[in-house]
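Trainee: Quick one: structure below, then a few questions.
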Amino acid sequence: MPDTRLLQVSALNGGYGGKPVLQGVDFHVDEGEIVAIIGRNGVGKSTLMKTLIGLLPPAGGAIQLRGQRIDTLSAHRRARLGIGYVPQGRDVFPRMTVLENLLVGQSISGRRIEGMLEQVYEHFPILQERAGQRAGTMSGGQQQQLAIGRVLMGAPSMVLLDEPSEGIQPNIVQGIARIMVELNRRTGLGVVFVEQNIDMIRAMAQRCYVMDKGRITAALSRADLDDQDRIRSYLSV
Amino acid sequence: MEQTSRIRRILALIEGPQTLGRGPRFWSGFALVLLLACAYPAFADSYDVGNNVYFFNWLFMALGLSLIWGYGGALSFGQTAFFGIAAYCYGVLTINLGDAYGLTLFSLLAAVGCSALCAAVLGYFLFYGRINGVFLGIVSLSVTLVLERFMAQTAGPEWTIGSARLNGFNGMGNMPSLTIPWPGGPIVLYPDLPLYYVTLALLIAVYLGLRMLVNSRFGNVLVAIRENPLRAEMLGYDIRRYQLMAFVIGSALAGLSGVLYTSWGNYITPASMGMTAAALPIVWVAVGGRSDLTTTLVGALAVLIVFQLLTIHASQYALVVMGALLVITVLVAPRGIVMALVEATLRLSRRKEAR
Amino acid sequence: QDAKPIKLGVLEDQSGDFALATIGKVHAIELAAEEINAAGGIDGRPLELVEYDTQSDNTRFQEFMRRVLQRDKVDAVFAGFSSASREAYRPIVNQFDGLAFYNNQYEGGVCDGNMIVTGAVPEQQFSTLLPYMMEKYGKNVYTIAADYNFGQISAEWVRKIVEENGGKMVGEEFIPLGVSQFSQTIQNIQAAKPDFVVTLLVGTAQASYYEQAGAANVNLPMASSVNVGQGYEHKRFKAPSLKDMYVTVNYIEELDTPASKEFVKKFHAKFPNEPYINQEASNSYAAVYLYKQLVERAKSTDLAEIRKVIAQGDVCVDGPGGQMCIDPKSQHVSHTIHLAHVKADHSIEFPQKWDGIKPYWLGDAGCDLTKSDPSAQYSPSNPPPKS
Amino acid sequence: MVDSLNLVFSFLYQFGDAFAFLVLSACGLAVIFGMMGVINLAHGEFIMCGAYVSTRAAHAGLPMPLAVLAGAAAAGIAGMVVEWVVIRRLYERPLDTIVATWGISMIVTQGVLILLGPSMQGVGTPFGSFSVGGYSYSVYRIILMLSAVAVLAALWLMFTRTRFGLLSRATIQVPHVAEALGVNTNLVYSLTFGLGAALAGLAGGLYAPTMTLVPTMGASFMVEAFVTVVVGGADIFLGTAPAAVVLGVIKAALTSWKGQLAGQIGLLIAVIIVIRILPRGISGKILRERA
Amino acid sequence: MHILETRKLNKRFGGLHVTGDVDFALTPGEMHCLIGPNGAGKSTFFRLILGEHLPDSGEILFQDHDITRARPFQRIRQGLSVKFQVPGIFKELSVRQNLVIALQHHVDPRMLPEEIDRLLEFLGLAHAQAQLAGNLSHGQKQWLEIGMAIGLKPRLLLLDEPTAGMTPDETHATGEMLKRLNAEGMTLLAVEHDMAFVRQIAHRVTVLHFGKVFAQGTIDEITADPRVAKIYLGEVDA
Ligand SMILES: Nc1ncnc2c1ncn2[C@@H]1O[C@H](COP(=O)(O)OP(=O)(O)OP(=O)(O)O)[C@@H](O)[C@H]1O
Ligand SMILES: Nc1ncnc2c1ncn2[C@@H]1O[C@H](COP(=O)(O)OP(=O)(O)OP(=O)(O)O)[C@@H](O)[C@H]1O
Ligand SMILES: NC(N)=O
Ligand SMILES: [Mg+2]
Ligand SMILES: [Mg+2]
């Protein structure tokens, strides 16, 4: 059913210079799905996300978005196809204001979307309150919210989130999960996210892949996800 | 007992994580190069010997900049200020004191001390004022340019210290060369054999001394400050003091270059502190690979030699070729050309071992 | 049989800041050497040139002066434009007891047995220029000069000669080398209301003064010892910015004498793209002939022998601008000084000339190289010690 | 009364003259340094390029304003080429740009000397002069002052009011994220560097009629340019204008009081003092206050 | 007797009052967690203690010495140590070299290699010791920085979100390690958003809100406080 495949990743290899990290990653995301990727530190989750968005060149394999090969495109071209990316460690533009950071996020779509800014402000009120503050002086959690808000500004059809809950207070973690689920319901936003926070995984994910040593080693269904200890066991060892 | 093990520990610092080159292979290569350098005058005419001394003169400044910039992460664009200060000090002192009784050697020490002192004052101002990055570079360059412009207009007879005239832009001349008092009559160090060996010995001593310095605790902290000053401070290090010390040591070496150069040519001019002169040390150090003493040393020497050869043989195209070489070097060898060669040979030998 | 060539080192700036004024000097030496070789060389020995580009960099002068003397073992060296470059190489010439020709107009005062200076010096240029200007335009003088040895010492000469002739300095301003913006200076000049301005500007940046003063409509006559003759500003700036500029030169290419015309013709035949033949090119050319005569009369390239010839006091050649004779006391050269007047359209006329103007000051002040060789540079405010 | 008015005018004129020179020298450098963190030692050569091309164009009969724009355009294109061939590979290590641009500067200066000879004939300063209270002034200098102000205003608008400004600042700060957000960072780099070079070319074109045209002419802009940029600090819009005002006043005052040397040395010492007081330049100070 | 005490500590950024009259005291041997909404001023409070920022008013006492104006390195030498929120490591140096720099000024040079081997083993970074620290994964960087912080053998350790990016198991292991260090006499002050972790280690918890001390008590008291649930915890109780 190729028309329901949002993202198809096949036999993807990649890494840093001469150092291979991804060793044949296979997985897929269907239209309208929220998929989690879990795994211990250093197994290659962030490397996978960077390779998907195009910040690292793949060393082999294929990435297809709605059936179209995108692995040869530059990152900005992929972004313009509607993929949003929130890096681990936030990476806001430190010397620009919060508002300016948000405006940059619009380049994903290349146009200004009416009402988007208001929507983002509604999701993250602190961003409106601090619209004129330089992003680099925001607190860690505020920056994380900004990074998520920034990517939503471009109205992406799919987002890649690398540990979105990191550094965020519990009730806002819940809020972010809610926002993602709601966007997913309303607009069919596809989400791939890397996460360690079990609550967030359970609140958001419809399916889940487990990664180890650069490979996908297990795929968990929604039912599996309801079993807390099951997830925990995949995150340990 | 305790004493000897301590000495052994200090000597062991000659090798370490902050310097390339260790093990018998490196040191036998080093010994070979040293041997060749010592034997060189036997095979070269006295022009070549003197010309090499001229090249050696500049290497102290390059090593000093490697310490300040490559290890400490502080780009000083003003090393020629200390070069110039020491050079003028040497000139003024020796013209007034003469060259008997080893007074030129005293003048050398005093001049280097003077540039170290000036560096301490300026460095205090810079580092304790939390000036860093390009700001540091530009302020140090400004200091150099102020000195240059000031010295350039000291042509009049009112600019005289004792019997030494500063003599403005035309430069100060007629200072005696370094002279070693000797039972059989003093040895005047003209650019010839004795000066060659003296300069070479100084160079080796400074090189080995700096190797020990950067592999010591001091060097570790310096590198840490380059990488992440806040983190270094939060490990309990007084980063400003370390930066200041590196700056003073590096600038004293620039001063040593200044004295040697002045003694070599019996001449010093404000142009030695101008914009072009100030940029040259940066070029030498960057081309070889600033983050290591050995690559800096080899790289700076190579640049000096190649540029002179180009000037001799490429006539009007020399500057074009030099410029192109610089650009290409930076592009193909991000960590410096000597560093790139070292890495390439390491990779090759590793591959061989793997087989 | 092949006679052993006589080697001449040529150290001139062929790139960098000074190249504009000095490439022509190299060409002039090449021209002279070619002519001499075509006519059988010096005493049958051909001239061989060893040229290095000193890149307007003092350290290159030091490197290459050692090289020509020690490695190439040249018999004489023709070297240097800026006085700083000359001072940079002089200790090395002294150390190896070589012979260097400095073929450049400069601030004067070098008393050094290893040097022969063929360029004009202040007393030659100002003792002629200033009385003429004061006569013609008035006695209030304003000097702007490059703020270094050349400018300061030249300005001192201007002051001295103006006062000796009953004139008055209404202003004196020194400009650091490399400065290219002159609005304030222009205003200062206007405020002082001089009758004419002495411009002793050095380097290409400072030459911008003329354009800027012209644009601000300063409109005062100007006098100089250094501009036009060296940097051909009248050719580079659009008329009339150098209107009523007066310069005393010992040569420039506009000079309308048979010798000059002949020289220009030969020069352009060999170097068709030469933008301008300036005074220093002419000096360099004549210097080769001076050297030829010295060697032929000394029957040797040995410095001591050559200096014995100089001491006879009758070494003269006819240069493109007139006769040049070496003064034995200072080893400087007497010149025919031409007054060049730049007209509104930047064409040149020569209202006056003075023959046989001697470089008298050094000798009068006490430099006598036939007796002793202090190898030093003096100036009016720092004269040779009275012995 | 009239006298003191004349005095005021003359000081304003001198200040404006210094201000214009500082701003026009610096803005190209400021864009390239402030936006990209690249220390462009070939800045002077872009200025020279602008001066040469505009002079050639004027000799060829192009009207003055068009000739100046042609100079700016030529420098801009040259800048984009340089960015594409060299600078692009160095963004990760901005300090290495010092060496690379130094090399480029050597190539260009000597290349021009070889190809075009040691000098070029000027075109002469247009627009004549005017008099105020016994002094005559060049009209063209007023044009230069106005140009400086216009350039500042245009830059400010461009970087704060346009998408390009936004995206270029983002690109310079965190390139990989900007790229991942859909910004064609390569294009942005190229345009930004080109803009800086074009501004240098503009300065060259504007000053060409008033200066000696030689391959090394760019050097006489460098000290002023660097000083202004550094005193201004990393943020070019907040920094350059106030820095040029401060330095312009210092330079004009010292020059008129004690002569050119005092002006020059005063300028450099002002830098040292300002940086000591404001280690991140004027804009660093403003930003801190505002945040 | 307190190991750390702040009195009426105030810090403003422009118009923003980031900490307001914070009175805070730690008893020696305590494990204390600081929680609170994003932007409450927790990291700023840390920076004030460390001297990275100077307070506008108020005092800081460490072991009864006034350190309000002391330079950061002086505070560290008195027995403070920190892990930052954003990993602060020496990126271009090897993992091992990072630890050498942290340890060299209080470990005998002859013991240094073994000491570092031990620490590397403990951090699970032994296999990566020659790697450049900048090339570690995010979680590995966190570990490395924790290693540098505890390597100083501080009397008071400050940790800003030590477990961010760690798996639940690793978080738990970190907690156990901290407890061990605490048993050896180290006092701990940690900022955390992971309530499981807080529950695991904290003797006492302080909630900071809008720069003011909002609540203080044991973890059970805090989680039971409806006001804290409203501003911070949300519906899920850890
Ligand atoms: N820039 C880099 N250069 C070289 N190696 C790197 C680089 N970044 C990461 N690595 C290595 O690649 C491996 C995978 O790293 P990655 O960042 O993808 O891990 P991760 O699964 O995201 O871990 P974490 O949960 O800690 O974020 C690690 O072993 C790491 O050391
Ligand atoms: N330099 C600064 N300029 C302006 N505001 C600042 C500055 N530094 C911090 N702030 C503001 O101060 C407040 C406290 O920030 P701080 O980093 O201390 O929060 P935090 O409690 O650590 O939050 P988090 O849990 O998100 O890390 C935030 O609102 C932040 O935006
Ligand atoms: N010698 C000169 N003109 O500098
Ligand atoms: Mg990761
Ligand atoms: Mg925080």
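The values are calculated or read from the model by the stated rules, or taken from the named source; none is laboratory data. Keep in mind the model is a prediction, meaning the values are calculated, not measured. In this analysis, Cβ positions are derived from the backbone assuming ideal geometry, glycine residues included, and neighbour counts consider all displayed protein chains. Areas reflect the complete protein model, heavy atoms only, side chains present, ligands, DNA and RNA absent. Shrake-Rupley method; radii C 1.70, N 1.55, O 1.52, S 1.80 Å.
Trainee: What helices in chain C pass both tests, a Cα length along the helix axis of 15 Å or more and a mean Kyte hydropathy of 0.0 or higher, using whole DSSP H runs?
Mentor: The qualifying helices are C:19-38.
Trainee: Can you give the calculated 222 nm mean residue ellipticity of chain D, where each DSSP H run of n ≥ 4 adds -39,500 (n - 2.57) and the sum is split over every residue, rounded to the nearest 500 deg cm²/dmol?
Mentor: -25500 deg cm²/dmol
Trainee: What is the ratio of the Cα radius of gyration of the protein assembly as shown to 2.2 N^0.38 Å, where N is its residue count, to two decimals?
Mentor: Ratio of Cα Rg to 2.2 N^0.38 Å: 1.03.
Trainee: Another question about this same structure. What's the magnitude of the charge dipole for the range E:80-153 around its Cα centre, counting Lys and Arg as +1 and Asp and Glu as -1 at the beta-carbon? Answer in Debye, nearest 20.
Mentor: Rounded to the nearest 20 debye, it is 160 debye.
Trainee: Using bins 20 angstrom wide from zero, how does P(r) for chain C break down, in % of all Cα pairs?
Mentor: Reading upward from the zero bin: 30, 59, 11, 0.
Trainee: Here's another thing I want to ask about it. Tabulate in residue order the Karplus-calculated ³J(HN,Hα) for the range E:4-17, using 6.51 cos²θ - 1.76 cosθ + 1.60 with θ = phi - 60°, rounded to whole Hz; enter x for Gly and Pro.
Mentor: 9, 8, 10, 10, 6, 7, 10, 9, 10, 10, x, x, 8, 8
Trainee: What are the extents of the Cα atoms of the range E:53-97 along their three principal axes, listed from largest to smallest and rounded to whole Å?
Mentor: The Cα atoms of the range E:53-97 stretch 39, 21, 15 Å along their principal axes.
Trainee: Mean residue ellipticity at 222 nm from the helices of chain B, using -39,500 (n - 2.57) per DSSP H segment of n ≥ 4 over the full residue count, to the nearest 500 deg cm²/dmol?
Mentor: -23500 deg cm²/dmol
Trainee: Additional query: If one puts a single equal scatterer on every Cα of the range C:252-317 and applies the Debye formula without solvent, what log₁₀ I(q)/I(0) results at q = 0.14, 0.19, 0.21 Å⁻¹?
Mentor: Values returned for q = 0.14, 0.19, 0.21 Å⁻¹ are -0.54, -0.77, -0.83.
Trainee: Any chance you could get the radius of gyration and Dmax over the Cα atoms of the range C:102-171, in Å?
Mentor: Considering the range C:102-171 through its Cα atoms, Rg and Dmax are 13.3, 42 Å.
Trainee: Carbon and sulfur together cover what percent of the accessible area of the range E:80-153 at a 1.4 Å probe radius?
Mentor: 55
Trainee: Need the per-residue list for the range E:84-106: every residue with at least 40 Å² less accessible surface in the complex of protein chains than in the chain by itself, probe 1.4 Å, sorted by number.
Mentor: Residues losing area: E:84, E:85, E:90, E:93, E:97, E:101, E:104, E:105.
Trainee: Also, quick follow-up: Where in chain D are the DSSP H helices whose alpha-carbon span along the long axis reaches 27 Å or more and whose Kyte-Doolittle mean is at least -1.0?
Mentor: D:2-30, D:64-85, D:96-116, D:139-161, D:185-207, D:236-258
Trainee: Take every Cα-Cα distance within the range D:1-132, group them into 10 Å bins from 0 onward, and report for each bin the whole-number percent of pairs it holds.
Mentor: All Cα pairs considered, the percentages come to 11, 32, 29, 18, 8, 2, 0.
Trainee: Of the accessible area of chain C, with the probe set at 1.4 angstrom, what percent is carbon plus sulfur?
Mentor: 48
Trainee: Hey, can you grab everything whose amide H is under 5 Å from the amide H of residue E:191? Only 5+ residues off in sequence or another chain; H modelled, so Pro and N-termini drop out.
Mentor: The answer is E:34, E:159, E:160, E:161.
Trainee: Right, another one. Give me Rg/Rg_expected for the range B:46-273, where Rg uses Cα atoms only and Rg_expected = 2.2 N^0.38 Å with N residues.
Mentor: 1.05
Trainee: Next question. Compute the accessible area per residue over the range B:44-122, keeping the other protein chains in place, probe 1.4 Å, unit Å².
Mentor: 25
Trainee: Which Cα, out of D:91, D:261, D:101, lies furthest along the positive dipole direction of chain D (beta carbon charges, K/R +1, D/E -1)?
Mentor: D:91
Trainee: With the Cα gyration tensor of the range E:80-153 giving a ≥ b ≥ c as the square roots of its eigenvalues, does the rule (a/c under 1.5 for rounded; else a/b larger than b/c for prolate; else oblate) give rounded, prolate or oblate?
Mentor: Oblate, because a/c is 1.5 or more while a/b does not exceed b/c.
Trainee: So if I place +1 on the C-beta of Lys and Arg and -1 on the C-beta of Asp and Glu, and nothing else carries charge, what would the dipole magnitude of the protein assembly as shown be about its Cα centre? I want it in debye, nearest 20.
Mentor: 2340
Trainee: Looking at chain A from every direction and averaging, what is the projected area of its Cα convex hull in nm²?
Mentor: Mean orientational projected area (chain A, Cα hull): 12.4 nm².
Trainee: About the Cα centre, and with charges only on the beta carbon of Lys, Arg (+1) and Asp, Glu (-1), how big is the dipole of chain D? Nearest 20 debye, please.
Mentor: Result for chain D is approximately 380 debye, rounded to the nearest 20.
Trainee: So for the pair residue B:208, residue E:216, with labels modelled 7 Å out along Cα→Cβ, what separation do we get in nm?
Mentor: 6.2
Trainee: Taking residue A:45 as the anchor, which lysines have their alpha carbon closer than 26 Å to its alpha carbon, excluding any fewer than eight residues away along the same chain?
Mentor: The qualifying lysines are A:19, A:213, E:83, E:91, E:141.
Trainee: Let me ask you something else. Nearest 100 Å² is fine: what is the total accessible surface buried where chains D and A meet, probe 1.4 Å?
Mentor: Using a 1.4 Å probe on protein heavy atoms, the buried area is about 2000 Å².
Trainee: Determine, from the Cβ-Cβ distance of residue B:27 and residue E:204 and an R0 of 51 Å, the FRET efficiency 1/(1 + (r/R0)^6), rounded to the nearest 0.05.
Mentor: 0.30
Trainee: Across peptide C:122-128, what mean number of C-beta atoms from other chains lies inside 10 Å of a residue's C-beta?
Mentor: 0
Trainee: Let me ask something else. Just which residues of the range C:65-89 lose 40 Å² or more accessible area with every protein chain there, against their chain alone, with the probe set to 1.4 Å?
Mentor: Residues passing the criterion (a loss of at least 40 Å², heavy atoms only) are C:66, C:67, C:70, C:71, C:84, C:87.
Trainee: Ratio to report: Rg/Rh of the range D:65-206, with Cα atoms as the point set and Rh obtained by the Kirkwood method; give two decimals.
Mentor: When Rh is taken as the Kirkwood radius, the ratio is 1.07.
Trainee: Follow-up question, since we're still on this one. Give me the 1.4 Å probe accessible area per residue for chain D, excluding ligands and nucleic acids, in Å².
Mentor: 34
Trainee: Can you pull the percent of Cα pairs in chain D with separation above 37 Å?
Mentor: Everything past 37 Å amounts to 13 percent.
Trainee: For chain A, what is the calculated [θ] at 222 nm in deg cm²/dmol (nearest 500), taking -39500 (n - 2.57) for each run of four or more DSSP H residues and dividing by its residue count?
Mentor: For chain A, the value works out to -10000 deg cm²/dmol.
Trainee: Give me, ordered by chain and number, the residues 5 or more places off residue A:37 or on other chains with an amide H under 5 Å from its own placed amide H.
Mentor: For residue A:37, whose amide H was placed from the backbone, the distant partners under 5 Å are A:193, A:194, A:195, A:209.
Trainee: Could you list the trypsin sites (Lys or Arg not before Pro) in the range C:262-370 that lie in coil according to DSSP, counting only those with at most 16 other Cβ atoms within 10 Å of their Cβ?
Mentor: Taking the range C:262-370 and a limit of 16 other Cβ atoms within 10 Å, the loop trypsin sites (Lys or Arg not before Pro) found are C:299, C:343.
Trainee: What's the FRET efficiency of residue D:257 with residue B:159 using the Cβ-Cβ distance as r and R₀ = 22 Å, to the nearest 0.05?
Mentor: Calculated transfer efficiency: 0.50.
Trainee: Pick out, from B:283, D:125, E:25, the residue whose Cα sits farthest towards the positive end of the charge dipole of the protein assembly as shown, with +1 on the Cβ of Lys and Arg and -1 on the Cβ of Asp and Glu.
Mentor: E:25
Trainee: Estimate the FRET efficiency between residue E:180 and residue E:25 by the formula 1/(1 + (r/R0)^6), using the beta-carbon distance for r and 30 Å for R0, to the nearest 0.05.
Mentor: Here the calculated transfer efficiency is 0.75.
Trainee: Kindly identify residues of the range B:142-161 having a loss of at least 40 Å² in accessible area between the isolated chain and the assembly of all protein chains, probe radius 1.4 Å.
Mentor: SASA drop of 40 Å² or more in the range B:142-161: B:142, B:146, B:149, B:153, B:155, B:157.
Trainee: Quantify how strongly other chains surround peptide B:284-294 by giving the mean number of their Cβ atoms within 10 Å of each of its Cβ atoms.
Mentor: For this peptide, the per-residue mean of nearby foreign Cβ atoms is 1.
Trainee: In addition: List the pairs from C:160/C:329; C:168/C:386; C:25/C:193 whose alpha-carbon separation is above 32 Å, in the order I gave them.
Mentor: Pairs exceeding 32 Å: C:25/C:193.
Trainee: Let me ask something else. For the range B:46-273, with all protein chains present and a 1.4 Å probe, just round the carbon and sulfur fraction of the accessible area to a whole percent.
Mentor: About 70 percent, which is the carbon plus sulfur part of the accessible surface.
Trainee: Work out the mean other chain Cβ neighbour count within 10 Å for the residues of D:252-260 and drop it here as an integer.
Mentor: 4
Trainee: Considering the Cα positions of the range B:274-355, please state its Rg to one decimal place and its Dmax as a whole number of Å.
Mentor: In order Rg, Dmax, the Cα atoms of the range B:274-355 give 14.6, 53 Å.
Trainee: Still on this structure, please answer the following. For chain E, I need the span (max minus min coordinate) of the C-alpha atoms along each principal axis, in Å, sorted largest to smallest.
Mentor: Computed over the Cα atoms, the extents are 50, 41, 35 Å.
Trainee: So, one more: To check you understand DSSP bridge types, tell me what percent of the beta bridges within the protein assembly as shown (both residues inside) are antiparallel, rounded to 5.
Mentor: Of the beta bridges lying entirely in the protein assembly as shown, close to 55 percent run antiparallel.
Trainee: Sticking with this structure for a sec: Return the value, in Å² to the nearest 100, of accessible area buried between chains E and B (probe 1.4 Å, both sides summed).
Mentor: 2300
Trainee: Count neighbours as other Cβ atoms within 10 Å of each site's Cβ, and list the GluC sites (Glu not before Pro) in the range A:75-172 that are DSSP loop with at most 16 such neighbours.
Mentor: Qualifying residues, ordered by number: A:114.
Trainee: Tabulate in residue order the Karplus-calculated ³J(HN,Hα) for the range B:34-46, using 6.51 cos²θ - 1.76 cosθ + 1.60 with θ = phi - 60°, rounded to whole Hz; enter x for Gly and Pro.
Mentor: Calculated HN-Hα couplings, in order: 4, 4, 4, 4, 6, 7, 3, x, 5, 10, 10, 7, 6 Hz.
Trainee: Looking only at B:199, B:160, B:269, which one moves most when chain B is put into a Gaussian network model with springs between Cα atoms under 10 Å?
Mentor: Maximum among the listed residues: B:160.
Trainee: Moving on. Ignoring ligands, DNA and RNA, how much accessible area is buried between chains A and E, both sides summed, with a 1.4 Å probe, to the nearest 100 Å²?
Mentor: 2100
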